[in-house]
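The values are calculated or read from the model by the stated rules, or taken from the named source; none is laboratory data. Just so you know, these numbers come straight off a predicted model, no measurement behind them. Here the Cβ is made from the backbone with ideal geometry for all residues, glycine too, and neighbour counts use every protein chain on show. Note: accessible area is taken over every heavy atom of the protein model, side chains too, but ligands, DNA and RNA are not part of it. Shrake-Rupley method; radii C 1.70, N 1.55, O 1.52, S 1.80 Å.
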Amino acid sequence: MIPGRRRGLAAIAIVAALAGAWAAGAAAGVSAPGARPFGIAAASLVQAGKQLVWSVTLGGAFSPGRFRAEGRSLCLLLERPRSGLISGRLCVIGAANRSGARPRVVAQRIASDGLGLAPARAVAAQIGRPSRSAITVRFLPAVAGARYVPLRWQTLSTLLPPVCRPPTPDRRDCSETRPAQPALLRLHVPTPVACVPSGASATHSGPLGRREVALTFDDGPWNSPDPGAFLSVLEREDAVATFFEIGRQIAGYDPGARYERRMLVDGDFIGNHTWSHPMMPALSAGAQMAQLTSTQRAIEHAVGLRTCLWRPPFGAVNASVVALARSLGLLTILWDVETRDWSTPGTATIYARAVDGAHNGAIILQHFGGGPRYETLAALPREIETLRSRGYRFVTIPQMLGLRVIYR
């Protein structure tokens with residue numbers, strides 16, 4: 001056994017010993033003396049697009065809402081594969097003070113030495129109950145302190161004294177794990193391959209009930225500056241955007257799709273901005289279709305993405321164009337905050353127009369091509385800083401509209 005594995009197993013013991021943190025105050029005697037932790041009939045952890053799916057089937061019916069009262073916990077332990085040290089855990093618990101209520105999920109990170117625990121916090125997760133003896137939890141790796149790199153995992157079912165007598169004097173709990181040894185899961189960075197259009201065929205903005213905005217950039221790829229300059233700002237500021245691309249420029253300004261691949265890895269999204277940026281209502285139906293389908297093929301050839309978004313050049317659109325685009329699986333994405341950065345009015349003006357126009361569900365139009373966009377680039381960091389300080393979250397258009405994105 002390697003030293004790291006010994007430390008990892010020691011860390012498991014510590015994590016199990018601290019499982020009572022969420023069961024503090026459990027009513028002694030609710031479970032019969034001599035009771036055992038729930039047996040784990042099956043457990044799995046798989047990647048499904050951007051999410052991880054943790055599935056557990058126990059040996060009998062259970063209620064997560066009763067875990068606290070019964071002194072029980074059900075946790076997923078995540079381990080660093082090289083060192084064998086526990087890096088975090090994700091646990092299913094009942095709603096506070098409501099034993100029968102819908103369960104919650106809490107996460108807790110563990111220090112790099114595998115011993116110190118950070119405070120537990122509730123995290124966003126989707127909980128399902130396929131049966132009375134099973135539960136599934138869908139979550140993003142980041143909520144448990146993980147990344148899209150290989151990890152090891154193990155499911156831990158615990159019952160605290162006095163209702164359970166530990167098997168050895170040095171143990172403070174009774175627990176069962178499955179698999180018996182941590183299993184390896186090889187995660188990969190998820191890459192979108194398609195999005196599914198739904199809802200209105202044309203939209204100017206997103207829901208007003210959420211404090212989020214969508215940064216969008218048109219007319220690229222380009223070379224003054226190149227797309228990498230915009231991506232570097234977004235990466236540094238931990239923000240995402242949607243880029244609407246002109247089909248005929250993709251091969252010339254982004255050969256090898258280096259920047260497009262980087263967009264998708266960063267969590268940004270790509271939309272169709274026609275092949276040559278024409279006034280679409282002035283074209284025949286056949287020419288309109290060619291503008292859209294040629295760009296669809298260019299994006300798909302470059303990065304394998306079949307996008308479901310398109311933006312009409314100049315915002316020029318009519319009902320027949322919207323209907324044609326929808327028949328091709330494309331939603332027409334317009335905007336409601338116009339910075340007019342194409343006129344190069346100065347960095348301060350671009351910044352002011354973006355932040356002054358922002359509101360819940362705002363779609364903000366800027367450009368990363370079609371001319372020198374250094375002013376737009378210079379305004380971007382301060383835009384992000386100000387909007388974030390006002391409580392806004394940055395989302396892509398698919399996120400804002402709740403579209404289903406298919407990943408590989």
Cys residues of the chain counted as unpaired, since no other Cys beta-carbon is under 4.7 Å: none
Summed residue charge, Cβ within 10 Å of THR307's Cβ, Lys/Arg positive, Asp/Glu negative: -1
Separation of the GLN181 and ARG121 label points, Cα + 7 Å toward Cβ, nm: 3.5
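From the helices alone, meaning DSSP H stretches of at least four residues, give me the mean residue ellipticity at 222 nm for the chain, per-run term -39500 (n - 2.57), in deg cm²/dmol to the nearest 500. The partial results should precede the final answer.
Details: 10 runs with 106 residues, N = 408.
After summing the helix terms and dividing by residue count, I get -8000 deg cm²/dmol.
If you roll a 1.4 angstrom probe over the protein chains with everything in place, what fraction of the accessible area of the chain belongs to carbon and sulfur, to the nearest %? Walk me through the intermediate numbers first.
Details: 9490 of 17440 Å².
Carbon with sulfur: 54 percent of the solvent-accessible area.
What does the highest-first list of 185-198, 58-71 look like by mean Cβ count within 10 Å? Write down the numbers at each step before the final one.
On the way: 185-198: 16.1, 58-71: 18.7.
Packing proxy ranking, top to bottom: 58-71, 185-198.
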